[in-house]
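Some notes on the structure that comes next.
Read-outs throughout are calculated quantities, based only on the coordinates presented, and are distinct from any laboratory measurement. All of these numbers come straight from a predicted model, not from anything done at the bench. Note: ideal-geometry Cβ built from the backbone for every residue, glycine included; neighbour counts use all protein chains shown.
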């Protein structure tokens with residue numbers, strides 16, 4: 001009976017998320033930077049040895065499914081154009097249509113200085129308090145904040161969904177958003193859960 005209720009709860013959650021996702025899609029919120037000129041390619045790798053891109057490391061999923069100390073992976077990013085002053089990481093669930101791109105599980109930004117390789121630190125879930133050099137570009141693409149703010153860890157209940165990160169090197173104006181530009185992008189599969 002307990003297993004049935006857990007499955008039923010997951011089905012209800014998926015239906016609710018589908019409805020909420022349609023609303024989120026309709027009302028925006030995705031990470032969007034204008035493309036001006038050619039967009040370069042970033043090389044993205046895990047800085048944390050426990051992450052490998054296959055199965056998620058133990059406990060790195062949401063609290064709803066008994067995740068423990070979940071955090072985003074720390075990433076190494078190379079090929080960042082010299083004009084970039086920020087890197088935005090879009091966290092996505094590729095198996096759910098409204099969470100599969102544009103930061104469906106949240107988008108976290110990092111102010112950066114030019115370097116051959118940049119290490120992005122891991123971030124805790126469901127918070128906007130990340131320090132001066134890290135910002136929340138937007139929370140999960142689910143209306144009303146029902147799944148938290150900032151980074152939402154994988155939360156499919158172990159159904160085998162593929163989670164990924166789209167990494168964007170951007171120029172982000174702190175004063176005039178019309179000056180924002182996408183300069184380069186990269187991709188990394190975070191793993192399945």
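If you take the beta carbon distance between residue 187 and residue 1 as r and set R0 to 41 Å, what does 1/(1 + (r/R0)^6) give as a FRET efficiency, to the nearest 0.05?
That gives a FRET efficiency of 0.45.
On a full-extension model of 0.36 nm per residue, what is the gain between residue 149 and residue 69, subtracting their alpha-carbon distance, rounded to one decimal in nm?
Extra length from residue 149 to residue 69 when fully extended: 27.2 nm.
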Exercise. Compute the separation of the alpha-carbon centres of the range 145-187 and the range 46-122 and state it in Å as a whole number.
Key: 8 Å
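Quote to one decimal, in nm, the extra length available between residue 127 and residue 94 on full extension: 0.36 nm per residue of separation minus the C-alpha distance between them.
Working: separation 33, 0.36 × 33 = 11.88 nm, distance 2.27 nm.
Fully extending the segment from residue 127 to residue 94 adds 9.6 nm.
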Exercise. Could I get the Rg over Rh figure for the range 58-130? Both from C-alpha atoms, Rh via Kirkwood, rounded to two places.
Key: 1.01
Self-check item: Förster-model FRET efficiency, 25 Å R0, residue 134 and residue 82, C-beta, rounded to 0.05
Solution: 0.70
